[in-house]
Amino acid sequence: MAMIEVGFERQNFYPLKRKSALLLKLIAVVFAVLLFCEFLIYYLAIFQCNWPEVKTTAYDGEQASHEPVLKAMFLADTHLLGEFLGHWLDKLRREWQMERAFQTALWLLQPEVVFILGDVFDEGKWSTPEAWADDVERFQKMFRHPSHVQLKVVAGNHDIGFHYEMNTYKVERFEKVFSSERLFSWKGINFVMVNSVALNGDAEAELIEVSHRLNCSREGRRLLWWLQPRLVLSGHTHSACEVHHGGRVPEFSVPSFSWRNRNNPSFIMGSITPTDYALSKCYLPREDVVLVIYCGAVGFLVVLTLSHLGLLASPFLSGLNLLRKRKTR
């Protein structure tokens, strides 16, 4: 009777052991895929980015002096989803992607200043006070940064509306969070921050004031005449393009930072001195690559499960049996 009981226990033990082994394998595969797709892939992509080289020596007659280099990141069109148009899954996926990309870039690249060129929020132009507060809280969590890193944000049409739909309340609400600073100077470099509303002609007086502060005011109606920039960086288009104004002033459009607007988001890295600059683009992980990895992992898990259940022959065992048949011949 005792022998019968022992045999029965052994028969129950082996199926249980096989199930435990299968469960451990499934957990290991799921954990590895999640770790790679949600964390490591951002390090792999951004690790390939390097700050562009720029001349650091300026000559004043016969005397040479070394100019400090400012490392600046430029990103645009984050479009944090609001309460009306944003599905919770869409919010979770795209905002996690931007948070991981931004935090990884801060850690690997160590920029000194980060500029976000408009359309921080998707529904800022019509969001309620409660929704606005929630959006701001999520933004501050996603784009948290150490105190030695400057974060400068420019208003876009989705943040406060175009000139025909904006009002004082929306502008003040935005500036209360992100400051109303228009002229930012660091290491001898001047940055003028102009939002899309100003480009529609409603901020002419303010632009003239900034141009006087830069000591480059001139007669005329064009923005370039007022400010005399050597480089223009803009957002809004969600894509990268290059335009030369008057054949001498280059304008670079910064692509969207979010998977919601681009399959291959990116940002611009700038090494800037008072007399020169160099730009390069840093690409983030592609959304379709991540989806392919997840689909491949699901397929592998299905094959692994069926193989353990005996519903699908293991490729290794099939190959081994084929070799045995050839040897017997």
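The modelled label-to-label distance between residue 180 and residue 144, using points 7 Å beyond Cα along the C-beta direction, is 3.0 nm. Here region 231-248 is scanned for amide nitrogen atoms under 19 Å from the site 7 Å beyond the Cα of residue 278 along Cα-to-Cβ, giving 231-232. Using R0 = 30 Å, the C-beta based FRET efficiency linking residue 304 and residue 263 works out to 0.50.
Accessible surface of residue 139, taken over heavy atoms with a 1.4 Å probe and every protein chain present, rounds to 10 Å². Within the shell of other residues whose beta carbon sits under 14 angstrom from the beta carbon of residue 68, the net charge comes to 0, with Lys and Arg scored +1 and Asp and Glu -1.
Approximating the spin labels as points 7 Å out from Cα along Cα→Cβ, the residue 32-to-residue 190 distance works out to 5.7 nm. Each label point is 7 Å from the Cα along the Cα-to-Cβ direction; what then is the distance between the points at residue 56 and residue 237, in nm? Between residue 56 and residue 237, the label points sit 3.3 nm apart.
When a/c reaches 1.5 or more, the comparison of a/b and b/c decides; with that in mind, is region 67-288 rounded, prolate or oblate per its Cα gyration tensor? The partial results should precede the final answer.
Values: a/c = 1.71, a/b = 1.23, b/c = 1.39.
Because a/c hits 1.5 or more and a/b fails to exceed b/c, region 67-288 counts as oblate.
Counting only protein heavy atoms and a 1.4 Å probe, tell me what percentage of region 67-288's accessible area is made up of carbon and sulfur. About 52 percent, which is the carbon plus sulfur part of the accessible surface.
DSSP beta bridges fully contained in region 67-288 are about 60 percent antiparallel.
Taking a probe of 1.4 Å, how large is the accessible area per residue of region 67-288, in Å²?
Details: 10440 Å² over 222 residues.
The answer is 47 Å² per residue.
The values are calculated or read from the model by the stated rules, or taken from the named source; none is laboratory data. Remember, it's a predicted structure, so these values are computed and weren't measured experimentally. Neighbour counts run over all protein chains shown; Cβ positions are idealised from the backbone, glycine included. Accessible surface areas use protein heavy atoms only, side chains included; no ligands, DNA or RNA. Shrake-Rupley method; radii C 1.70, N 1.55, O 1.52, S 1.80 Å.
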